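> Attaching a single structure in structure tokens format; questions to follow.
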Amino acid sequence: MNDTWSAVVPVVSVVALGSSLASGQIIFESEPNDTIATADFATTFEPLGGSVAIDGTITNGDVDWFQIDVTAMTTLLFSAVASATDGADGQLMVVDGTGTDVLAFDDDSGPGLLPALQLFDLDAGTYYVGVSAFPDITFADDAVNTDTLFDGLDSAGAAHTGDFSYKLTISANLVPAPGVAAIFGAAAIATVRRRR
């Protein structure tokens with residue numbers, strides 16, 4: 001009887017650990033968050049990853065910035081959705097922890113004219129994601145000017161005319177720390193031994 005419990009307890013512990021860390025959360029955008037300095041804090045992703053859904057609204061000349069912290073190397077997936085009746089035409093930008101280096105930008109890889117992007121092998125640290133409306137980023141010869149952060153203005157200096165509500169989903173798949181990996185290994189071994 002003790003052998004059965006010694007094999008089951010590590011597995012239950014790992015399942016409980018995974019479910020608590022990978023559970024999703026919903027947050028609501030709050031103004032002002034038009035700059036990286038005033039970004040809303042979204043979440044901290046720890047092993048084993050997880051997800052967060054952000055409800056927000058873009059209005060004329062508006063930009064929404066969110067801060068994300070990750071505690072281990074990770075892959076981050078960003079996807080925005082909005083009602084088609086809103087005429088949503090969004091853009092998405094991810095910036096490093098200094099708030100100056102643009103790591104990724106997308107205009108319309110998601111549904112309709114909405115953005116989606118994925119970043120692989122990001123180091124632990126702080127990142128910022130910005131949501132804006134087309135045409136916040138200017139285009140030249142089909143290349144994106146990624147030196148410019150979202151500012152709510154088009155290339156002529158006029159406020160973009162975006163006006164829509166959105167939900168931004170951010171998901172993380174973190175590489176487990178050695179201690180967590182060891183727990184998974186022990187649980188797998190215990191399961192194999194019990195099945196024999």
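The values are calculated or read from the model by the stated rules, or taken from the named source; none is laboratory data. Note that the structure is a prediction, hence the values are computed from the model and not measured. Positions of Cβ are generated from backbone atoms using ideal geometry, with glycine treated the same way; all protein chains shown enter the neighbour counts. For accessibility, only protein heavy atoms count, side chains too; no ligands or nucleic acids. Shrake-Rupley method; radii C 1.70, N 1.55, O 1.52, S 1.80 Å.
> With a cut-off of at least 2 residues that are acidic (Asp, Glu), name the strands (runs of 3 or more DSSP E) lying wholly within the stretch 21-84. Working first, answer last.
Numbers: elements: 24-28, 40-45, 50-58, 64-70, 74-81.
Because the criterion is at least 2 residues that are acidic (Asp, Glu), the strands (runs of 3 or more DSSP E) in the stretch 21-84 that meet it are 64-70.
> Name, by its number, the condition in (1) open to solvent by less than 10 Å² (accessible area, probe 1.4 Å); (2) farther than 19 Å from THR169 by Cβ; (3) at pLDDT 95 or above that does not hold for THR126.
(1)
> Which of the following residues is in contact with a helix residue (DSSP H, G or I) (Cβ under 8 Å, 6 or more places away or on another chain) and modelled with pLDDT under 95: GLY87, GLY112? Write out each step before concluding.
Values: GLY87 fails: in contact with a helix residue (DSSP H, G or I) (Cβ under 8 Å, 6 or more places away or on another chain).
Matching residue, one of GLY87, GLY112: GLY112.
> Take the residues in the stretch 50-99 that are surrounded by fewer than 18 Cβ atoms within 10 Å (Cβ to Cβ) and without any contact (Cβ under 8 Å) to a residue 40 or more places away in the chain, then tell me which one is nearest to THR126 (Cα to Cα).
GLY97
> If you go through the stretch 31-43 one residue at a time, do you hit one that is modelled with pLDDT of 75 or more, closer than 16 Å to SER171 by Cα and not small (Gly, Ala, Ser)? Before the answer, list the steps.
Here is the first cut: in the stretch 31-43, the ones modelled with pLDDT of 75 or more are 31-43.
Adding the requirement that they be closer than 16 Å to SER171 by Cα leaves 41-43.
Within this subset, residues satisfying the condition of being not small (Gly, Ala, Ser) are 41, 43.
Yes: the stretch 31-43 contains one or more residues that are modelled with pLDDT of 75 or more, closer than 16 Å to SER171 by Cα and not small (Gly, Ala, Ser).
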